[in-house]
Every structure is written in C-alpha cells, then in structure tokens.
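Data first, discussion second: the structure below is written as structure tokens.
The values are calculated or read from the model by the stated rules, or taken from the named source; none is laboratory data. All of these numbers come straight from a predicted model, not from anything done at the bench. Virtual Cβ from ideal backbone geometry, glycine too; neighbours counted across all protein chains shown. In case anyone asks, the SASA skips ligands and DNA or RNA and just uses the protein heavy atoms, side chains included. Shrake-Rupley method; radii C 1.70, N 1.55, O 1.52, S 1.80 Å.
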Amino acid sequence: MSLIKIIRLLSLIIILLSCSNRNNGANINPENIVENNYFHTFSQQNIHKVEMMHPLEYYKNEIIKYEDNYYGFDDISMKITDLMNISSIIQIDNVIPGLLTFLVSWFNPKGYIYYLYSFDKQQEITKHYYCGQFVPFENHKILMEKLDGEILEYGDVSVGDFNKDGVNEILLYSQYQHIGYVFCVYGFNIEENKLEELCLVPVFINFENPFSSVEYIENGFKILEIIDEEYMDLAWNNYIWDKNIGKYIK
C-alpha cells in the first residue's frame with residue numbers, strides 16, 4: 001500500500017472516531033435533558049392510558065358496589081351509599097398517569113361530597129381519593145366567575161392544567177370542620193403516588209351578596225384570604241406555583 005493511501009485511510013479513521021465521540025457526547029449534553037422532568041415522567045407513564053370500554057352507567061354502578069364494600073366514613077357502621085346518592089359523575093383526563101379517572105359528586109340534604117375514582121385497564125377500581133365537600137347556597141356558582149379550566153355543572157369545581165406542568169389539577173371550594181370554607185387545589189404526585197393538596201387557603205365567602213373571592217392569575221391564584229377568623233381580618237394574597245416544592249405558595 002502506498003504512503004498516500006495509508007495517510008488517507010488514517011485520516012478517515014480519525015474522522016469516524018471524532019464523529020462517534022461527538023454523538024456520544026450529545027447523549028449527556030445538559031441541553032438534551034428534558035427541562036420539565038415531571039411532565040416527561042407523566043407523559044411516559046400516560047402513553048398507554050386506559051380508555052373507557054363501557055357506558056358511563058357501568059362505572060357508576062362499579063363505584064356504588066365499591067363503596068358498598070368500603071368502610072371508613074365518619075361512622076364506620078354506615079356505608080357512604082347509606083348516606084348519599086351520586087348526583088353527578090364525569091370522566092376527566094390527564095389526572096393520574098395510565099389510569100381512567102372519574103370525578104363523582106355524592107349528594108345528601110347537607111350538600112355535595114367529591115371523590116376521584118381511578119380505574120385500571122381491566123376496568124376495575126384501583127383507588128378513590130377524597131376531594132372535599134361543599135354546601136350550596138343561592139348564587140353560589142358566581143364563586144367560579146374568575147377561574148379558568150373546565151368548570152363543572154354541579155357544585156363549585158373546575159378541572160385544568162393551572163400550573164402549566166402538563167397535568168390536570170382539580171380546584172374547588174370546600175368546607176373543613178375546624179377551618180371553615182377553603183379554596184383548595186388537588187394534583188397527583190407521581191413520586192408519592194397519591195393525590196395531594198397543592199393549595200389550601202381559608203377563604204372569605206359573602207353569602208348574602210356573593211362574589212368571586214378567588215381569581216386565576218396565570219401562574220397562580222389571587223385569593224381573598226381570612227387572616228384572622230376572630231376579627232375577620234381579610235387580605236388579597238397571591239399564591240404562586242413553585243415547581244421546586246410542587247405547591248402554590250404565598
């Protein structure tokens with residue numbers, strides 16, 4: 001082999017090795033790491049999401065049967081179906097990765113109680129999650145006037161991706177025994193594998209002349225918060241999404 005051919009061959013080998021090293025380097029380049037790790041993880045888990053295979057009535061009946069066999073309500077001697085009836089059931093997407101979810105409003109004379117139910121690919125319930133309760137009053141729907149998302153026809157509930165992380169959240173007004181009325185946002189924590197409160201703030205509600213005491217402000221919520229219940233001190237505070245801790249903070 002001539003000297004010229006040897007030089008050309010060596011040059012070709014060097015070029016090929018250089019290209020290989022550049023390609024390997026691209027795999028660990030920080031610019032190629034997905035910026036929103038949470039959304040990436042959710043998207044990967046949600047690729048094979050469960051689809052509805054039956055009419056809505058099937059899932060309603062499955063939920064009733066599930067609650068008939070489940071104890072742990074306020075009085076363990078009574079089932080939730082002894083106390084209430086399902087007033088509304090709606091399928092909502094993109095809440096729990098890889099599962100089919102329904103938001104159910106249970107109704108009794110005192111008001112609504114909300115639960116989220118998840119179904120697997122066998123169309124069986126995997127778990128349920130308590131989301132709050134609400135006692136309706138005249139013109140209560142005006143509370144939702146300044147909130148975005150899909151506002152449901154019953155109660156005071158909205159569903160949407162409010163923190164822009166690619167995953168839907170559930171926001172609602174709710175009533176807590178030792179706090180009173182609160183504004184609450186629920187979202188699914190993939191790492192903890194549970195639905196959790198992302199925001200819970202005692203909120204002022206004017207029952208005689210109701211108005212929206214919570215406003216969506218793109219990256220969070222402006223809330224008319226009860227600072228001191230005894231003296232009814234109120235303040236408009238902004239609660240902004242903090243992706244580092246996964247909560248809305250003041």
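I want to check the label-to-label distance for residue 58 and residue 146. Put each point 7 Å from Cα in the C-beta direction and report it in nm to one decimal.
The modelled label-to-label distance comes out at 4.4 nm.
Would you mind checking the range 144-177 for residues with the amide N under 13 Å from a putative spin-label position 7 Å along Cα→C-beta of residue 197?
Backbone N within reach: 172-177.
Which GluC sites (Glu not before Pro) does the range 141-247 hold that lie in a coil by DSSP with at most 15 other beta carbons within 10 Å?
Passing both the DSSP loop test and the Cβ count: 145, 153, 191, 192, 208, 218, 229, 230.
Post the alpha-carbon centroid distance, the range 108-123 to the range 172-244, in whole angstrom.
22
Residue 139 versus residue 165, label points 7 Å from Cα toward the beta carbon: distance in nm?
3.7
Give me the percent of accessible area attributable to carbon and sulfur for the range 165-250, probe 1.4 angstrom.
45
For the range 152-250, count all C-alpha to C-alpha pairs, find those more than 23 Å apart, and express that count as a whole percent of the total.
Across the range 152-250, Cα pairs with separations above 23 Å total 25 percent.
Of the chymotrypsin sites (Phe, Trp or Tyr not before Pro) in the range 177-229, which ones lie in a loop per DSSP and count no more than 14 other C-beta atoms within 10 Å?
207, 211
In whole Å, what are the extents of the range 111-211 along the principal axes defined by its C-alpha atoms, from largest to smallest?
For the range 111-211, the Cα extents along the three principal axes come out at 47, 28, 27 Å.
When all C-alpha to C-alpha distances in the range 205-247 are sorted into bins of 5 Å, what percent of pairs does each bin hold, rounded to whole numbers?
Binned Cα distances yield the sequence 6, 20, 20, 23, 16, 9, 5, 1.
What distance in nm separates the two pseudo spin-label positions at residue 240 and residue 189, each 7 Å out from Cα along the beta-carbon direction?
Taking the two extended label points, one gets 2.3 nm.
Could you list the residues of the range 153-174 with an amide nitrogen less than 12 Å from a label point located 7 Å from the Cα of residue 87 in the Cα-to-C-beta direction?
153-157
State the extension gain, in nm to one decimal, for the chain segment bounded by residue 126 and residue 215, taking 0.36 nm per residue of separation less the distance between their alpha-carbons.
Full extension of this stretch gives 28.6 nm more.
Once phi is turned into ³J(HN,Hα) by the Karplus curve 6.51 cos²θ - 1.76 cosθ + 1.60 with θ = phi - 60°, what whole-Hz value does each residue of the range 195-211 show in order, with x for glycine and proline?
7, 9, 6, 9, 7, 8, 9, x, 10, 7, 10, 8, 6, 6, 9, x, 8
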